[in-house]
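Visitor: Have a look at this one.
The values are calculated or read from the model by the stated rules, or taken from the named source; none is laboratory data. None of the values given here were measured: they were computed from a predicted structure. Neighbour counts run over all protein chains shown; Cβ positions are idealised from the backbone, glycine included. Note: areas computed on protein heavy atoms with side chains; ligands, DNA, RNA excluded. Shrake-Rupley method; radii C 1.70, N 1.55, O 1.52, S 1.80 Å.
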Amino acid sequence: VEIVVLTDGGHFTNKQKAKKMQRFLDGVYQQANVYEKMPLVFRNSMLTGTGALYTSGNPYSRRFYADNIFPLEILVDNVAATHGIDAARDIFRLYPVDKDQLIEDYPKAAAAIESAAMYGPEGSLPTTTILSGLHRDVRSAMVCEAWRKARVTADGETIEGRHVKTCNGAVLIDEAWCEDTFPFVFQFWNAPVRGPWGDSAVSEIRGMEREVNILLQRAQEAMHRTGLATMLVHRDAKYQTAKQGTDPMTVVTWEGQVPPTVQVGTPVHPQILEQPQTLMRLAANQLGTNELQISASKPAGIESGRALEQLSEEHAVRFDTVSKAFELVMSKALAAQFVAVARRMDKCLKDEGKGGLRLQSTYKHEYIDINWAECELGPEEFFIDVFPVSVLPHTPAGRTAEVERWQGNKWI
């Protein structure tokens with residue numbers, strides 16, 4: 001999809017600003033590596049139900065950032081977020097940061113940072129003793145960052161929010177927060193019916209996953225017990241035990257009228273090996289996908305490019321809810337966050353007398369140098385929409401078949 005900035009009945013100046021705003025956002029997305037990080041956010045939503053991307057910027061280096069956040073780092077009051085995470089007024093993030101980096105950024109709090117509890121190499125549980133020996137390079141302290149959204153009262157009065165960052169009781173940042181949103185965008189696999197957190201793809205197929213694991217474990221045990229060759233020796237035969245060597249075949253000597261025989265049994269019934277494949281196909285159907293999308297392999301029995309295109313279209317229809325949610329997060333929600341970051345950076349630079357914000361980046365092998373003042377629009381003066389980049393299928397075979405169909409119908 002392609003992100004497009006539009007004005008609804010705007011005058012010529014706003015339309016020109018909208019074009020520059022689109023170029024500005026293209027450069028920001030490229031600079032923040034959004035297209036590389038959003039698949040990780042989508043993966044987190046599949047595994048945990050919720051994926052999160054944190055947006056920020058440095059006004060002095062004029063750089064924008066988008067960080068994939070592990071969802072368990074985020075804390076929110078479940079009661080306040082009964083109607084969704086955006087309904088909560090406060091949000092917290094707990095995450096470990098290297099002590100040396102914190103001291104460089106906040107030298108006034110060096111003593112508190114240095115005395116903070118150390119975090120182990122697994123990055124989860126704190127330890128009160130200084131790590132030594134094997135883990136001497138681990139020097140991380142827990143940082144708590146919190147945001148309270150600004151709001152507008154019934155009388156039209158704006159009440160500022162707050163942004164606070166602390167470490168071991170020392171306040172690193174304490175500033176006003178004038179946004180009515182949090183600096184995160186959230187991607188849900190299944191949007192929550194009630195509460196802040198979504199349902200994961202893993203939870204949908206957990207029953208089938210457990211059954212597959214049980215069957216595979218039983219097959220493994222059966223292979224180890226009965227899958228090896230067994231030699232049957234008659235009690236009257238004079239048998240000499242062979243010595244194991246590196247030869248592909250073991251030679252056994254015997255005497256008597258009855259030779260030893262070798263039997264290889266069937267360790268596992270074929271249906272036990274087929275059942276996991278059946279369950280995995282059912283799991284894919286449960287999630288609204290298919291073999292073509294999961295493994296990029298052609299399902300058995302499908303040969304023509306048109307059939308592959310039809311299968312891909314069916315997948316797109318069944319996957320429509322998830323894919324549309326992902327597109328909206330990546331386009332509208334994320335673009336709105338970057339616009340808010342740009343406004344804060346521009347205000348910070350102007351307050352310090354360093355001029356306004358200028359973006360210097362590259363997009364599609366072109367250099368971008370845009371002044372924010374030339375493209376800034378009010379929230380009510382523009383909107384963002386998404387459009388498909390191409391109407392052709394994704395696969396080469398599907399594209400060829402579609403073009404041939406257009407030619408056959410004399411549309412092209």
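Visitor: Return the FRET efficiency for the residue pair MET142, ASN78: r is the Cβ-Cβ distance, R0 is 22 Å, and the value is rounded to the nearest 0.05.
Guide: 0.50
Visitor: Still on this structure, please answer the following. Heavy atoms only, probe 1.4 angstrom, no DNA, RNA or ligands counted: give me ASP67, ASP77 ranked by accessible area, highest first. Kindly include the intermediate steps, with their values, before the conclusion.
Guide: Details: ASP67 60, ASP77 90 Å².
Ranked from most to least accessible, the order is ASP77, ASP67.
Visitor: Would you kindly state how much longer the chain becomes between HIS234 and VAL403 on full extension, computed as 0.36 nm times their sequence separation minus their alpha carbon distance, in nm to one decimal?
Guide: Residue separation times 0.36 nm, minus the Cα-Cα distance, leaves 53.6 nm.
Visitor: Something else now. Largest first, how would GLU36, GLU114 line up by accessible area (1.4 Å probe)? Walk me through the numbers on the way to the answer.
Guide: Working: GLU36 120, GLU114 85 Å².
Correct descending sequence by accessible area is GLU36, GLU114.
Visitor: Moving on. Go ahead and collect, in residue order, the members of region 51-75 whose backbone nitrogen is under 11 Å from a label point 7 Å along the Cα-Cβ direction of CYS348.
Guide: Residues passing the 11 Å test: 56-65.
Visitor: When all protein chains stay in place, what accessible area (Å², nearest 10, 1.4 Å probe) is found for GLU104?
Guide: 140 Å²
Visitor: If you don't mind, another one. I need the calculated FRET efficiency for the pair THR226 and PHE70, taking r as the beta carbon distance and R₀ as 45 Å, to the nearest 0.05.
Guide: Efficiency for this residue pair is about 0.50.
Visitor: Leaving ligands, DNA and RNA out of it, work out the accessible area of LEU279 with a 1.4 Å probe and give it in Å² to the nearest 10.
Guide: Counting only protein heavy atoms, LEU279 exposes about 20 Å² to solvent.
Visitor: Another question, if that's okay. Could you check the spin-label model distance between ILE272 and ALA176? Points 7 Å from the Cα along Cα→Cβ, value in nm.
Guide: Label-label distance for ILE272 and ALA176, simple model: 7.1 nm.
Visitor: When the solvent-accessible surface of protein heavy atoms is calculated with a 1.4 angstrom probe, in what order do PHE70, PHE184 fall, highest first?
Guide: The most accessible residue leads, giving PHE70, PHE184.
Visitor: Next question, about the same structure. Considering the zone a paramagnetic label at ASP100 would reach in this model (a point 7 Å from Cα along the Cα-to-Cβ line), which residues of region 147-169 have amide N under 19 Å from it?
Guide: Of the residues in region 147-169, none has backbone N under 19 Å from the label point off ASP100.
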